[in-house]
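Novice: Here it is: the structure, laid out below.
The values are calculated or read from the model by the stated rules, or taken from the named source; none is laboratory data. Everything numeric in this text was worked out from a predicted model, so none of it was measured. As a convention, Cβ positions derive from the backbone with ideal geometry for all residues, glycine included, and neighbour counts pool all protein chains shown. In case anyone asks, the SASA skips ligands and DNA or RNA and just uses the protein heavy atoms, side chains included. Shrake-Rupley method; radii C 1.70, N 1.55, O 1.52, S 1.80 Å.
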Amino acid sequence: MNWFEHNLAVIRKRDPALAEKISACQDEPFKIEVVESKIASTPTLKIKKDGREVFLHSLYNPQVEGERWIKNIASEGEDKVIIIGFGLGYHVEEFLRQYGHTKRLLVVEPEIWLFKKVLEIKNLSFILEHDSLVLSVGENKLALERKLSAFMNIGQLDKVAIEVFPSYPRIFEKSFNEIKKTCIEIFRYVRIGENTILYFSGLWPENVFRNLVCTVKSPGVNSLFGKMNKKPGIIISAGPSLAKNRHLLKEAKGKAVLISVDTALRSLLKENIKPDLVVALDGSELNYKHFEGISLDDVPLVYFPTTHYKIIEEYRSYKIVVGDEVPLTQWIMKYIDDKGSLSYGGSVATAAFDLAVKMGCDPVIFVGQDLSYPGGKSHADGTVFESVIVKDDGAKNKMYVEDIYGNQVLTDASMYTFLQWFEQAIDALKHERLFIDATEGGAKIRGTRIMTLREVIDKNLPERFDPGEIISDTIKAYSPPDTGALADALKEAVEDLAEIGRLSRKGAEYAGELLKAYTAKKMNNAKVAKLIRKMERIDKQIKEKENNQLLNIILQRVLLAVMKGPLAKATEDETEREKGIRVARRSLLLYQGIEGAAKTMGGYIGSAFKDLESYERKNGLLNTSR
């Protein structure tokens with residue numbers, strides 16, 4: 001019996017696009033033959049490749065093979081499993097039967113033509129309809145990255161396992177290696193995200209709310225979108241190679257939009273070069289050092305609400321704000337005007353790139369974008385980091401990539417992630433505009449035309465124009481929004497957070513009592529059940545508070561500790577009492593964390609509310625009935 005139409009109908013209900021893609025597939029690069037296994041009379045597949053015959057599953061009993069393989073790979077430590085290779089689905093079905101009620105499964109099948117053939121052979125309804133299954137079939141790199149990113153949540157990497165069905169690396173070596181590389185990249189990206197949250201979770205809320213009034217009254221970055229259509233844009237980063245050609249930027253002034261990242265600003269000013277815009281992203285005190293003591297009143301600053309508050313307070317020139325995707329910023333943006341956003345891959349240079357693209361710049365030109373450590377240097381002379389030397393110390397995060405000359409140059413995992421971000425963004429836009437790498441050193445950015453800055457100025461900057469005037473006129477045309485709804489929301493948030501603090505103190509009290517009950521010589525089961533019910537009511541009340549999401553960022557340190565720390569995992573021989581003690585301690589830690597986060601966040605928002613009222617009073621906007 002041919003099961004193709006039946007299976008395809010099941011897929012169409014969940015993923016119409018995948019069903020369409022399968023129907024349209026006409027490829028069959030290798031000859032496939034369905035073979036009945038010798039013992040169980042169940043089908044396996046014989047594939048003829050490069051003059052030899054290979055079997056996708058066991059020739060004797062593929063079903064038992066699948067069962068044994070799942071038994072060997074499965075453990076209680078993972079909540080999510082990624083399997084590369086669907087095959088005929090024996091191992092996938094066994095996994096879902098054994099673990100589908102407790103674990104999520106992502107199956108990545110690289111070959112859509114093979115999957116189409118498999119749909120003909122077996123009734124796969126159980127697999128295809130299972131709620132725990134996520135399926136990726138023949139997807140390109142970008143689509144697979146999105147699916148993997150959604151599957152690998154921050155804080156849960158240690159509970160994700162990747163397994164490879166044994167025949168796939170041997171039969172589909174090229175596609176397997178591509179998928180393996182993508183998985184490693186996404187693992188690295190999510191791990192960097194975890195580290196970012198751990199580092200910035202205490203900084204972001206303070207910066208966001210201390211910058212609140214400036215965020216309100218600053219024009220949004222979207223006011224610049226399209227303003228430099230078909231005008232050249234130069235992104236000036238602070239890589240070591242900037243020292244080679246920054247002097248030429250004086251000639252480019254007035255012929256291109258000069259967009260400097262924060263780390264490069266001091267180096268440019270030492271050469272008496274003023275960019276047209278400077279972009280600031282980082283929320284750390286260290287980032288403030290790039291601006292400390294600098295007095296500029298004619299170079300607008302493009303900043304994020306999470307940027308360190310001292311930069312915003314002390315910068316004298318116009319400011320343009322980016323409505324980024326940090327939850328706290330999104331919460332504020334609900335009550336004011338749309339500021340627009342920039343896509344960025346974790347570095348200020350990626351944000352500057354997207355700004356140039358959205359302003360309409362063409363060509364987009366890189367200067368100082370080494371993305372590596374040529375000669376062991378991390379940054380250009382004249383920057384705060386000019387004396388930093390980086391060596392190949394054998395660390396896991398160090399690696400070599402191809403440079404613009406075809407040689408190997410040292411880089412690290414973070415910069416390699418940024419390099420990939422640039423290459424993917426450029427690939428998506430390559431038919432729309434020209435991208436030029438005029439860094440004159442560093443890692444090769446695929447998709448760019450490599451030129452010297454001298455060549456760029458002579459060949460690609462033919463006309464003079466005044467970017468400063470265009471930007472200034474745009475800023476002056478802006479009118480700040482009404483602030484009444486935001487002020488009301490801040491006031492309500494302060495009240496909600498105070499109540500959440502009270503509830504979490506009560507929850508911590510119950511968790512402490514529960515711990516005592518579990519550790520008592522004779523456990524009182526009725527008391528334990530009563531305390532658990534009380535804690536469940538507390539949890540429900542906290543979740544019902546409209547502004548509980550304001551705690552998410554500042555609470556990340558505690559949440560990561562709870563999800564990844566020693567209290568998160570059960571031991572192999574854990575008894576019910578030991579489990580109860582572990583859960584009680586984890587609950588106590590969480591309630592204490594929520595109380596501390598509510599107190600801290602309430603303080604930030606309370607101060608921001610006072611600042612906003614002062615702004616309203618000064619501008620005749622204060623609602624006295626509030």
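Novice: Can you tell which of ILE332, PHE353, ILE470 lies farthest toward the positive end of the dipole of region 218-477, using +1 and -1 charges on the Cβ of basic and acidic side chains (Lys, Arg; Asp, Glu)?
Specialist: Value: ILE470.
Novice: Sticking with this structure for a sec: Does region 218-477 classify as rounded, prolate or oblate by the C-alpha gyration tensor (a ≥ b ≥ c root eigenvalues; a/c under 1.5 gives rounded; else a/b over b/c gives prolate, otherwise oblate)?
Specialist: Judged from the Cα gyration tensor, region 218-477 comes out rounded (a/c under 1.5).
Novice: Starting from the exponent 0.38 and prefactor 2.2 Å, build the expected Rg for the chain from its residue count and divide its actual Cα Rg by it.
Specialist: 1.13
Novice: While we're on this one: Take peptides 27-35, 447-455 and line them up by average Cβ neighbours within 10 Å, highest first, as a rough protection proxy.
Specialist: Peptide ranking by packing, descending: 447-455, 27-35.
Novice: Would you pull out the residues with amide H under 5 Å of LYS319's amide H, same chain only if 5 or more places away, H placed 1.01 Å from N?
Specialist: Answer set, sorted by chain and number: LEU301.
Novice: For the chain, what is the percent of antiparallel DSSP beta bridges, rounded to the nearest 5?
Specialist: Values: 17 of 56 bridges.
Looking only at bridges with both residues in the chain, the antiparallel portion is about 30 percent.
Novice: Oh, and also: For the pairs LYS230/LYS253; LYS21/LYS48; LYS516/LYS599; LYS122/LYS174; LYS253/LYS339; LYS289/LYS444, note any where the Cα-Cα span goes beyond 21 Å.
Specialist: LYS21/LYS48; LYS516/LYS599; LYS122/LYS174; LYS253/LYS339; LYS289/LYS444, as the Cα separations exceed 21 Å there.
Novice: Take ILE259, ILE184 and sort them by solvent-accessible surface of the protein heavy atoms, 1.4 Å probe, largest at the top.
Specialist: Accessible-area ranking of ILE259, ILE184, largest first: ILE184, ILE259.
Novice: Let me ask you something else. Taking all protein chains together and a probe of 1.4 Å, list LYS80, LYS527, LYS444 from the most accessible to the least accessible. Kindly include the intermediate steps, with their values, before the conclusion.
Specialist: Numbers: LYS80 30, LYS527 95, LYS444 70 Å².
Largest to smallest exposure gives the sequence LYS527, LYS444, LYS80.
Novice: Select from VAL10, ILE32, PRO43 the residue farthest towards the positive end of the dipole of region 3-193; place +1 on Cβ of Lys and Arg, -1 on Cβ of Asp and Glu, and compute about the Cα centre.
Specialist: ILE32
Novice: Explain nothing, just the number: relative contact order of the chain, from Cα pairs under 8 Å at least 6 residues apart, as a whole percent.
Specialist: That works out to 12 percent.
Novice: Per residue, how much accessible surface does region 218-477 expose to a 1.4 Å probe? Answer in Å², no decimals.
Specialist: Spelled out: the 1.4 Å probe surface of region 218-477, per residue, equals 39 Å².
Novice: How large is the accessible surface of ILE179 in square angstrom, using a 1.4 angstrom probe and rounding to the nearest 10?
Specialist: Surface accessible to solvent at ILE179 totals approximately 10 Å².
Novice: Straight distance only, please: which aspartates and glutamates reach the Cα of LYS46 with their own Cα at less than 19 Å, same-chain residues fewer than 8 apart left out?
Specialist: ASP27, GLU28, GLU33, GLU36, GLU65, GLU109, GLU111, GLU120, GLU173
Novice: Where the only charges are on Cβ atoms (+1 Lys, Arg; -1 Asp, Glu), what is the dipole of the chain about its Cα centre, to the nearest 20 debye?
Specialist: Taking the Cα centre of the chain as origin, the dipole is about 1260 debye.
Novice: Please report how far the C-alpha centroid of region 296-363 lies from that of region 203-222, rounded to the nearest whole angstrom.
Specialist: Region 296-363 and region 203-222 have Cα centres spaced 9 Å from each other.
Novice: Could you pull out every residue, at least 5 positions away or on a different chain, whose amide H is within less than 5 Å of the one on ASP437? Hs are placed 1.01 Å off N in the peptide plane, and Pro or chain starts have none.
Specialist: PHE366, ARG449, ILE450, MET451
Novice: Compute the accessible area per residue over region 1-147, keeping the other protein chains in place, probe 1.4 Å, unit Å².
Specialist: Roughly 49 Å² per residue, with all protein chains present.
Novice: Can I ask one more? Restricting to DSSP H runs of at least four residues, report the calculated mean residue ellipticity at 222 nm for the chain, -39500 (n - 2.57) per run over all residues, nearest 500 deg cm²/dmol.
Specialist: That calculation yields -15000 deg cm²/dmol at 222 nm.
Novice: Also: Net charge near ILE404, counting Lys/Arg +1 and Asp/Glu -1 over other residues with Cβ under 9 Å of its Cβ?
Specialist: -3
Novice: For PHE465, PHE165, give the ranking by accessible area with the largest first, probe 1.4 Å.
Specialist: Numbers: PHE465 35, PHE165 5 Å².
Ranked list, largest accessible area first: PHE465, PHE165.
Novice: Could you compute how much accessible surface LYS430 exposes when probed at 1.4 Å, giving the result in Å² to the nearest 10?
Specialist: Looks like 110 Å² after rounding.
Novice: Sticking with this structure for a sec: Tally up the carbon and sulfur contribution to the accessible surface of the chain as a whole percent, 1.4 Å probe, everything protein left in place.
Specialist: 49
Novice: Which whole-Hz ³J(HN,Hα) couplings does region 239-248 yield from phi under the Karplus relation 6.51 cos²θ - 1.76 cosθ + 1.60, θ = phi - 60°, glycine and proline marked x?
Specialist: With the stated coefficients, region 239-248 comes to x, x, 6, 4, 5, 6, 9, 5, 4, 6 Hz.
Novice: Also, I was wondering about something else. Give me the accessible area of ILE332, 1.4 Å probe, in Å² rounded to the nearest 10.
Specialist: 10
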